[in-house]
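Below: one structure, written as structure tokens.
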Amino acid sequence: MNETIETIHKHRSIRKFKDTAITEEQLDAILSSAQQASTSSYMMAYSIIGVTDEKKKAQLAEITGQNYVKDNGHLLVFCADLHRHTLNATPEQYEQMTPNLENSEHFLVSAIDAALAAQNAAIAAESMGLGMCYIGSVRNQLDRVDEILSLPKHVIPLFGMVLGVPDAQPDQKPRLPKQAIYFENEYRDHKETLNEFDESIAAYYQSRKTNTRHDSWTDQMLRRFTNPMRMDVTGIIKNKGFNKQ
């Protein structure tokens, strides 16, 4: 196993950071690594907002319900961005572009581009000994986040990422086994594998140093998908000019 793979395998979501800002050199290395991610058709259809304003960070912490969105070394918000692709368009060209800008294909492209860039950024940060955690809860109030960050049409926040010097070393949460995520040639039933995984997850939750509980992966997923959440996201996305066709 090489150094890069070891870094990936050591990943933990860090939610407690020392009161130390990351350096400009570290930030530049993280951002340049993000930019080297693969991108569909050279579109680079994402933007990254670094949030340093303490008032904005406090507002985002309130929206997400996570104190570490405010207390960290640096906060990034990754956005799907098709706005820059229109900046040099004439009104006639913009009208012609709109059906493409607003279709599901380019919403997927921009979201995938942002995710690929973010994962490069995460690995770069962890390779320097920094910790990170993705923040999907910026979508709790997507329209408010949009307003706080002053995002134009065809730019929408997808998720955040907190970075910093770790002040905790949480237990590493197990992942699904290979048999549950990799299939040769065609999709295969893997309920038995999930049942076995549930047993191991139940044991993991009971053995944790903190926050022990009786739970399984299946029960978590059943709770998640039987309780409607963020049902306003579709409308906000469409209002911003994404995924309308």
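Given R0 = 25 Å, the distance between the Cβ atoms of Thr210 and Met1 translates into a calculated FRET efficiency of 0.30.
Summing Cβ point charges (Lys, Arg +1; Asp, Glu -1) relative to the Cα centre of the chain gives a dipole of roughly 660 debye. Kindly express, to the nearest 10 degrees and within the range 0 to 90, the angle between helix 54-64's C-alpha long axis and the longest C-alpha principal axis of the chain. It works out to around 60 degrees.
Taking 17 Å as the straight-line reach from the Cα of Lys240, the aspartates and glutamates in range (excluding those fewer than 8 positions away in the same chain) are Asp81, Glu95, Glu102, Glu105, Asp143, Asp146, Glu147, Asp232.
In the chain, the DSSP-assigned H stretches of four residues or longer account for a calculated mean residue ellipticity at 222 nm of -13500 deg cm²/dmol, using -39500 (n - 2.57) per stretch and the full residue count as denominator. Each of Leu76, Leu151 was scored by other Cβ atoms within 10 Å of its Cβ. Listed from fewest to most, they are Leu151, Leu76. When the listed pairs Lys10/Lys178; Lys153/Lys238; Lys173/Lys209; Lys56/Lys238; Lys178/Lys209 are checked against a 19 Å cut-off, the alpha-carbon distance exceeds it for Lys56/Lys238; Lys178/Lys209. For segment 74-232, the relative contact order is 25 percent, taking Cα pairs closer than 8 Å that sit 6 or more residues apart in sequence and dividing their mean separation by the residue count.
A short reminder: the numbers here are calculations on the coordinates, not readings from a lab. What you see is a predicted model; the values in this text were computed from it and never measured. Ideal geometry is used to build each Cβ from the backbone, glycine not excepted, and the neighbour counts take in all protein chains shown.
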